[in-house]
1. Out of (1) of a type outside the set (Asp, Glu); (2) touching a residue at least 60 places away in the same chain (Cβ under 8 Å); (3) farther than 21 Å from PRO64 by Cα; (4) part of a loop (DSSP other than H, G, I, E, B), what's the single condition that is false for LYS114?
2. Any residue that is assigned to a loop (DSSP other than H, G, I, E, B) and among the small types (Gly, Ala, Ser) - is there at least one of those in the stretch 83-91?
3. Test each condition in (1) modelled with pLDDT under 75; (2) assigned to a strand (DSSP E or B) for MET1 and report the one that comes out false.
4. LEU96 - would you say it is over 14 Å from GLU164 (Cβ atoms), open to solvent by 10 Å² or more (accessible area, probe 1.4 Å) and within 18 Å of the chain's Cα centre (by Cα)?
5. Test of understanding: among GLU53, GLU60, which residue is under 13 Å from LEU138 (Cβ atoms), out of contact with any Leu (no Cβ under 6 Å at 6 or more places or on another chain), at pLDDT below 95 and surrounded by 13 or more Cβ atoms within 10 Å (Cβ to Cβ)?
6. Filter the stretch 132-146 for residues that are small (Gly, Ala, Ser) and either open to solvent by 50 Å² or more (accessible area, probe 1.4 Å) or not in a strand (DSSP E or B) (or both) and give the result.
Amino acid sequence: MQERVSAISGPRGAAPRASRILRPGIRVLPPGVERYLVDGGSLIVVGIEPGDEVTVTDIEGRQPVELLAADGKGRIDPGILGRKGNSDGKGIKAALAAADESAAIVRHGLARRKIDLAQASAIRLFPASSPAGSCQTLKVDRAGVLVVESLDSALARGARIRAEVLGVAT
């Protein structure tokens, strides 16, 4: 008598076969979680919704990060992230002043949303001495746009210094 073998579970009564890893090294996120990597001196813009959680991780250490939140009408308000501003957004402004194409795209997107950085009040996370793996989580209070900039410190220039942003949608 031949034993039946299922393509899913293997021989009857045996443990299921281990999954095949199709793309080794790629971490899989649970549904509703998004990951963004921000290189030193660069920035990203992400839409946010009430109830989202934003976790920012200083992957390699010594990499300050600036966050700027604006509502749907373009008003900058760090309270959207449940914090008070502790920075004038100097790092974000410097990244946007770059002559490269990605900075021009972000500038255009901010202008389209009527976000004026002249009176920006940003949130700065992590001191220049922060250890690798430092992380902070912020809860989103209202819908809007989040700008994240990994400050271009002397350490970051020319290096693969990154901050990681995880957004958990509710």
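The values are calculated or read from the model by the stated rules, or taken from the named source; none is laboratory data. Note that the structure is a prediction, hence the values are computed from the model and not measured. Ideal geometry is used to build each Cβ from the backbone, glycine not excepted, and the neighbour counts take in all protein chains shown. The accessibility values were calculated without ligands, DNA or RNA, using every heavy atom of the protein model including side chains. Shrake-Rupley method; radii C 1.70, N 1.55, O 1.52, S 1.80 Å.
1. Evaluating LYS114 over (1) of a type outside the set (Asp, Glu); (2) touching a residue at least 60 places away in the same chain (Cβ under 8 Å); (3) farther than 21 Å from PRO64 by Cα; (4) part of a loop (DSSP other than H, G, I, E, B) leaves (2) as the failure.
2. yes
3. (2)
4. yes
5. Step by step, each of GLU53, GLU60 is checked, and only GLU53 is under 13 Å from LEU138 (Cβ atoms), out of contact with any Leu (no Cβ under 6 Å at 6 or more places or on another chain), at pLDDT below 95 and surrounded by 13 or more Cβ atoms within 10 Å (Cβ to Cβ).
6. Within the stretch 132-146, ALA132, GLY133, ALA143 qualify.
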